[in-house]
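Note sheet for the following structure.
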Amino acid sequence: MFSVTLRCLGRQVHQQNKSLAPLFTYSKNGLNTEATFDTKPFKLHKLEEGPATTVTLSRQDALKYYKDMQMIRRMETAAGNLYKEKIIRGFCHLYSGQEACCVGMRASMRSYDAVITAYRAHGWTYVMGVDAVGVLAELTGRSSGCARGKGGSMHMYVKNFYGGNGIVGAQQPLGAGIALALKYQGTDGVCLTLYGDGAANQGQLYEAMNMAQLWKLPVIFICENNGYGMGTSVDRASASTAYYTRGDYVPGIWVDGMDVLAVREATRFAIDHCATGKGPMVMEVVTYRYSGHSMSDPGTSYRSRDEIQEVRQTRDPITGFRERMLSSDLATADELKDIDQNVRQVIDDAVKRAKSDKEIGLDELTADIMSNPIDTRVRGVTAFDTLTHKRLGPAVNSP
């Protein structure tokens, strides 16, 4: 059933994209500095009005969004290759196909807003400020990784980014807690709390939503609905697949997650809602992952190759955005080709670093585990074998 729905949606979006020509532009040196587009309509739950469906895009922002999405796509391709070479070990969940989600959301975030997500975290780590070397070297367990190689695929961190969490749905109540901290500190900061459609059925999500609504916490519960929870389609896993309505008493919004501009506008709307004391919001971004759930999943036993190819041809977030930029004269084909070549070189260099940099020594295994430890002893293999906690770097998210 999901495949049929997906094909219908793909055809509708493809036809609509043909009509999304810019409404007006301002010209400068043969290229436009700004263009205005229409987005796919948003669906609302317990909201009288939603984001505007007519959005303005500057040339500068367009080039940045395109580069960031390409960087994530190529970085994930490199990660997949490193895993197949057995240089990356353990779990590895790729974000290919979902790039418009994190790039669009990051575009509307303020410097003091926070993010916490699940284990498909490489793209978010990049947009929150870690370069390609920091991501790929973390995956290969090297000292130049953003967590010194100790976190791996699911546990990457940087200022205002709380990971990467390996337990399904565990980040949902943590996100509410981060929002409580932001409110307690007296800021108007908002926490974006992301989870997949598979984790949308977790009981802890609804406990967190209940407290967030009671205490008017500034948290956006964001369901990245890529159609499959591991290998189970949403129709087989959820009695209601309208995830944006499942907060019940919490307002919600449905967004085309393959359109970076729609995601940007919806996120800006949700942040404004939460930052003004109105409490939480649920946001469902409908997207698609090209790879399997993880590297152990070929991704073709529960869906057809034709389904994946149709999404690539009709809904790909990078290809669609590229067509918009070219049709509105926000960039030339040569400019975008130069960006592609630059991205390729950056990732190639990052892969070399991720392969060649050294691993940390055994003496660092107990370093930077805690922010302000009362007891610096760390349990070893047994309770009688203790190690000593060390502080080497700052606790970036310590209050």
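The values are calculated or read from the model by the stated rules, or taken from the named source; none is laboratory data. Keep in mind that this is a model prediction, so the values were computed, not measured. Positions of Cβ are generated from backbone atoms using ideal geometry, with glycine treated the same way; all protein chains shown enter the neighbour counts. Accessible surface areas use protein heavy atoms only, side chains included; no ligands, DNA or RNA. Shrake-Rupley method; radii C 1.70, N 1.55, O 1.52, S 1.80 Å.
Solvent-accessible area per residue for segment 275-334 at a 1.4 Å probe radius, Å²?
Computed with neighbouring chains in place, this is 41 Å² per residue.
Quick one, can you get me the convex hull of the C-alpha atoms of segment 141-204 expressed as volume per residue in Å³?
It is 91 Å³ per residue.
Mean separation of Cα pairs under 8 Å and 6 or more residues apart, divided by the residue count, gives the chain a relative contact order of 21 percent. Per-atom-type breakdown for the chain gives carbon and sulfur 52% of the accessible area (1.4 Å probe, protein chains only).
Is segment 40-356 best put as rounded, prolate or oblate by its Cα gyration tensor, with a ≥ b ≥ c the root eigenvalues, rounded for a/c under 1.5, and otherwise prolate when a/b is larger than b/c, oblate when not? Rounded shape, in that the Cα axes give a/c under 1.5.
Would you mind finding the longest exposed-site-free stretch of the chain, with exposed trypsin sites (Lys or Arg not before Pro) meaning DSSP loop and at most 15 other Cβ atoms within 10 Å? The partial results should precede the final answer.
On the way: sites that count: K46, K86, R89, R110, K159, K216, K278, K358, R391.
Here the longest segment lacking exposed loop sites spans 279-357.
Look at where the Cα atoms of segment 58-121 and of segment 234-265 average out, and the two centres are 20 Å apart. Per residue, segment 99-219 exposes an accessible area of 32 Å² to a 1.4 Å probe, with every protein chain left in place. Using θ = phi - 60° in the Karplus curve 6.51 cos²θ - 1.76 cosθ + 1.60, the 3J(HN,Hα) couplings for segment 87-102 round to 8, 9, 10, x, 7, 7, 10, 8, 9, 4, x, 9, 4, 5, 5, 6 Hz; x is entered for Gly and Pro. Extension gain for the segment I374 to K352, taken as residue separation times 0.36 nm less the Cα-Cα distance, is 3.9 nm to one decimal.
Computed extension length for N81-T36: 12.4 nm, one decimal, from 0.36 nm per residue of separation with the Cα-Cα distance subtracted.
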